[in-house]
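In what follows, a single structure is set out as structure tokens and then discussed.
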Amino acid sequence: MRTDSRPRVLGEPSALKNAYTLPGSLETRRFKLRRVTLNDAPEIFTSYATDPVVTRYLSWKPHQTISDTESYIQSVDQEWRDGRGFVFVIRNFGDGGLIGVIHVHLSARGVSYGYVIKRDVWGQGCASEVLKHLVDHA
């Protein structure tokens, strides 16, 4: 129970953390979203993390080794456990193939979304469908 009389605003990290959580898996019309695990590392590494075209405008360089991908997954797993962010792998309903990942990040300013989609499915509305679902879920 809070002991101070200040109103809690959504922009306070503790208020946002308590106000916004996500389950370990979600589904859209075409995609299954599931919390990323170390088992996803090989497929993330080969499908987009090493592609310089996909990673060109991102804040990180293409991964050079599978260890780079594993380190990324370990860091975002810690974010999930801390309630600071949620990273999901996006998989196709049809064949279960990896489409990419989406990162829901919580901060004092609110919720932000980042995503990486493998190049051969660009332009098919994958990110739009997943983002709409996550925003509607909020």
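The values are calculated or read from the model by the stated rules, or taken from the named source; none is laboratory data. On a predicted model such as this, the values are computed, not experimentally measured, just so you know. Neighbour counts run over all protein chains shown; Cβ positions are idealised from the backbone, glycine included. Accessible surface areas use protein heavy atoms only, side chains included; no ligands, DNA or RNA. Shrake-Rupley method; radii C 1.70, N 1.55, O 1.52, S 1.80 Å.
Solvent exposure of the chain, expressed per residue, is 59 Å² of accessible area, with all protein chains present and a 1.4 angstrom probe.
Once every DSSP H run of n ≥ 4 in the chain is given -39500 (n - 2.57) and the sum is divided by its residues, what mean residue ellipticity at 222 nm do you get, rounded to the nearest 500 deg cm²/dmol? That comes out to -8500 deg cm²/dmol. Positive contributions from Lys and Arg (+1) and negative ones from Asp and Glu (-1), summed over other residues with Cβ under 15 Å from the Cβ of VAL101, come out at -2.
Note on the chain: with a GNM built from Cα contacts shorter than 10 Å, the maximum mean-square fluctuation among LYS32, LYS118, LYS61 falls on LYS61. Charge dipole of the chain (Cα centre as origin; +1 on each Lys and Arg Cβ, -1 on each Asp and Glu Cβ, all else neutral): 420 debye, rounded to the nearest 20.
Have a look at ARG109, ARG34, ARG119 and tell me which one the Gaussian network model of the chain (Cα, springs below 10 Å) gives the largest fluctuation. Residue with maximal mean-square fluctuation among ARG109, ARG34, ARG119: ARG109.
Note on the chain: GNM, Cα springs under 10 Å; of THR21, THR65, THR37, the largest mean-square fluctuation is that of THR65. Per residue, the average separation of C-alpha pairs within less than 8 Å and at least 6 apart gives the chain a relative contact order of 25 percent.
Here's the picture: charge each Lys and Arg Cβ at +1 and each Asp and Glu Cβ at -1 in the range 8-138, and of VAL76, ALA49, VAL111 the one pushed furthest to the positive end of that dipole is VAL111.
Neighbours of VAL116 by Cβ distance under 15 Å: Lys/Arg scored +1, Asp/Glu scored -1, total 0.
So what's the net charge close to ALA127: Lys and Arg +1, Asp and Glu -1, counting the other residues with Cβ under 13 Å from its Cβ?
Working: positive: ARG30, LYS118, ARG119, LYS132; negative: GLU129.
Taking every other residue near ALA127 into account, the sum is +3.
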